[in-house]
There are 2 protein chains.
Amino acid sequence: MSVLITNIGELVTNAGPDGAFASISDAAVVLDGGLIAWTGAAAGAPAADERVDAAGRAVLPGFVDSHAHLVFAGERSAEFAARMAGLPYVAGGIASTVAATRAASDETLRANLHRLASEMLAQGTTTFECKSGYGLTVADEARSVGLAAEVTPEVTYLGAHVVPPEFGGDAARYVDLVCGDMLAACAPAARWVDVFCERGAFDGDAARAVLAAGEAAGLQARVHANQLGPGPGVQVAVAAAAASADHCTFLSAADVDALASARRTVATLLPGVEFATRSPYPDARLLLDAGVTVALASDCNPGSCFTSSMPLCIALAVREMRMTTQEAVWAATRGGARALRRRDVGHLEVGARADLVMLDAPSHAYLAYRPGVPLIAGVWSAGRHVA
Amino acid sequence: MSVLITNIGELVTNAGPDGAFASISDAAVVLDGGLIAWTGAAAGAPAADERVDAAGRAVLPGFVDSHAHLVFAGERSAEFAARMAGLPYVAGGIASTVAATRAASDETLRANLHRLASEMLAQGTTTFECKSGYGLTVADEARSVGLAAEVTPEVTYLGAHVVPPEFGGDAARYVDLVCGDMLAACAPAARWVDVFCERGAFDGDAARAVLAAGEAAGLQARVHANQLGPGPGVQVAVAAAAASADHCTFLSAADVDALASARRTVATLLPGVEFATRSPYPDARLLLDAGVTVALASDCNPGSCFTSSMPLCIALAVREMRMTTQEAVWAATRGGARALRRRDVGHLEVGARADLVMLDAPSHAYLAYRPGVPLIAGVWSAGRHVA
């Protein structure tokens, strides 16, 4: 059944040159068979089986959240409150979630995961990535990727999140497991391999080994890079032709050059993390002005950032990282799609997946102009009205 | 009909000494006749006509938003985007909203106002103040306060918002109007008189004159003070025993002392404004540590801050102003009530209005721990389940 959404104040298509931000005023869009069948001026719209009047509201591609950690148990609100009172964020906090996740039943993990997935969809996120990384045993990582595959095809194996406490700091021995039995158990259900390349987690050599092993098992690379301080993460990501280097908070000039020259590696910024850890924000303007492809994602996780709100990430990108509203919305849609190497989402050109968000506002700019206000008035996933 | 809400993970009552933050774990609350009839441990709860299972969720007093400008027409998203690209916020931008408001029909103003009031209620704001100030003629201010009175008893006459353009900068002549015919036309529908005491708006002498005239007409004082730079606003507010000095962004040591010594004047902080104008945040810690009573409010308006989200204000207060989660929630509930001199709202002691918010989260801290996520799972206003 085809659906015509008409009387759209602003239809963001991202159909500009090379997929750049573009929009149509007084527009309409036709969804058919789960895909975009037509876009253009409302006055010239064809008929369809069903007609939705947007009453001047804006319609955007559904958000593409390319970085999220949703398979876990427990919560860390006390750690958050302590951090806000002045304690620093360190990678080791992950261990408490690892303990809770290992102790949890499949049903507990599944209920939490599905709740977060529903919450994301209701906020306009129609495509999202989901990482393992709080199991850190062969069995617990395998069940984590298996659960993630229930809610998204964009499943990332992140056995290399931190070295779990039972390895007593013996990273080399743990990397062997990550590249061996654990990878073998996880690869069938995953599309991606990721590594937290950071002081306190994994160094450059370890990260290269994890990505190489993942690739050999058919997974594509993505990297947690340069979040907490300068380091080799971005260079490792670019050298591995990773789909994305994520965080990019502490970059050298050489890192920026590497990202600008990279043909296959997106810089994914996660401003919710800086908000929730009171860290400095990445220099998005420097990256954009250097020609780097930038994505925005939530990094939703119970420790460093427990928001799942892409609208908040957009508002933070505009307020704190000096991205324009167009750059921020593009980064949260088509940018995220590029970070997931997806051509079918993040834009509303004919043939794309009919994943759309209707705002209770006349333009995309309201996502930054009205921060915190729940502006999602409707969500369509593959042409189906789901929220 | 009485309602028992039970199995509450955390019930924030604000029933501590002198009305301080306090909460009860594993709690229940009974609503009857629009009021709180009982609070305590769930195990000891009495029966009621209806039973609601909170399933471990948190219940808080409804938010009290003591500063909002909701009677206007037009929007200023382009000005917002320009400001985010580097232009400063100046008081004069108000003039564009004044022109749009004067040109608008009553129906247009009413529809916009009621839409915003509904939006606030859905986000857990059960009491809010509403100012005039975009009319700035006798007729337009009178219709503004009349419209505001349709949605709240906390109506504020803000004829002294800016000197309108047709006065050619003759503030004295405009103040005569504000204190004369305009006041006479507005006072019957208003409870409060307010003045924007700021360079570019009204100086200390003008502010004192406006407050004195308002008081003589039966209105109580509140003041826009020290938002854009140092100035006399706080001192004027305290000297007039105003209910609140709002903004308090640029304070001298003497201003802090005056607020700390004031027995009747609350400092209302509006961090959404600093977020949306990229200004420095007020020093909430300094004020709290000095013993000042602090409220949080949205300042929802189309220019300097178009958020209506009290949860966002709480998250910003914690992240940017180093308030604890308890201080921020108190300031957004009982603090707001004090800024409106209301004893019946902002807390959940027996006899208070049954204005409650249920969060989709186990504790109040999640309002900061999960910024941007729509966490409002239920709203009761005077005992009625409204959202």
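The values are calculated or read from the model by the stated rules, or taken from the named source; none is laboratory data. Bear in mind the structure is a predicted one, so any value in this text is a computation, not a measurement. For neighbour counting, all protein chains shown are included, and Cβ atoms are generated from backbone atoms with ideal geometry for every residue, glycine included. The protein model used for the area step is the full one, side chains on, heavy atoms only, and it has no ligands, DNA or RNA in it. Shrake-Rupley method; radii C 1.70, N 1.55, O 1.52, S 1.80 Å.
Filtering segment A:250-286 to residues that are in contact with a strand residue (DSSP E or B) (Cβ under 9 Å, 6 or more places away or on another chain) and either over 27 Å from residue A:18 (Cβ atoms) or within 14 Å of chain B (Cβ to nearest Cβ) (or both) leaves A:270, A:271, A:272, A:273, A:274, A:275, A:276, A:277, A:281, A:284. Residues that are closer than 22 Å to residue A:208 by Cα, part of a loop (DSSP other than H, G, I, E, B), away from chain B (no Cβ under 14 Å) and open to solvent by less than 10 Å² (accessible area, probe 1.4 Å) do occur in segment A:237-244, at least one of them. Among residues of segment B:31-57 being open to solvent by less than 30 Å² (accessible area, probe 1.4 Å) and within 27 Å of the chain's Cα centre (by Cα), the one that is nearest to residue B:329 (Cα to Cα) is B:36.
Given the criteria modelled with pLDDT of 95 or more and more than 9 Å from every other protein chain (Cβ to nearest Cβ), does residue B:341 qualify? For residue B:341, the condition - modelled with pLDDT of 95 or more and more than 9 Å from every other protein chain (Cβ to nearest Cβ) - is met. For the list (1) in a loop (DSSP other than H, G, I, E, B); (2) within 14 Å of another protein chain (Cβ to nearest Cβ); (3) modelled with pLDDT of 95 or more, I need the number of the one condition that residue B:350 fails. Here residue B:350 clears every test but (2).
Look at segment B:355-380: where a residue is at the interface with chain A (Cβ under 7 Å from one of its Cβ atoms) and assigned to a strand (DSSP E or B), no partner that is crowded, with 24+ Cβ neighbours inside 10 Å and among the small types (Gly, Ala, Ser) sits 6+ places away or on another chain with Cβ atoms under 8 Å.
Among the helices (runs of 4 or more DSSP H) confined to segment B:146-216, the ones with at least 1 residues that are of a type in the set (Gly, Ala, Ser) and open to solvent by less than 10 Å² (accessible area, probe 1.4 Å) are located at B:204-216. For segment A:110-138, which residues satisfy the criterion of being touching an Asp or Glu at 6+ places or on another chain (Cβ under 6 Å), more than 28 Å from residue A:347 (Cα to Cα) and not in a helix (DSSP H, G or I)? Selection gives A:135 alone.
For segment A:335-387, what are the residues that are among the hydroxyl-bearing types (Ser, Thr, Tyr) and touching a strand residue (DSSP E or B) at 6+ places or on another chain (Cβ under 8 Å)? Scanning segment A:335-387 gives A:363, A:366, A:381.
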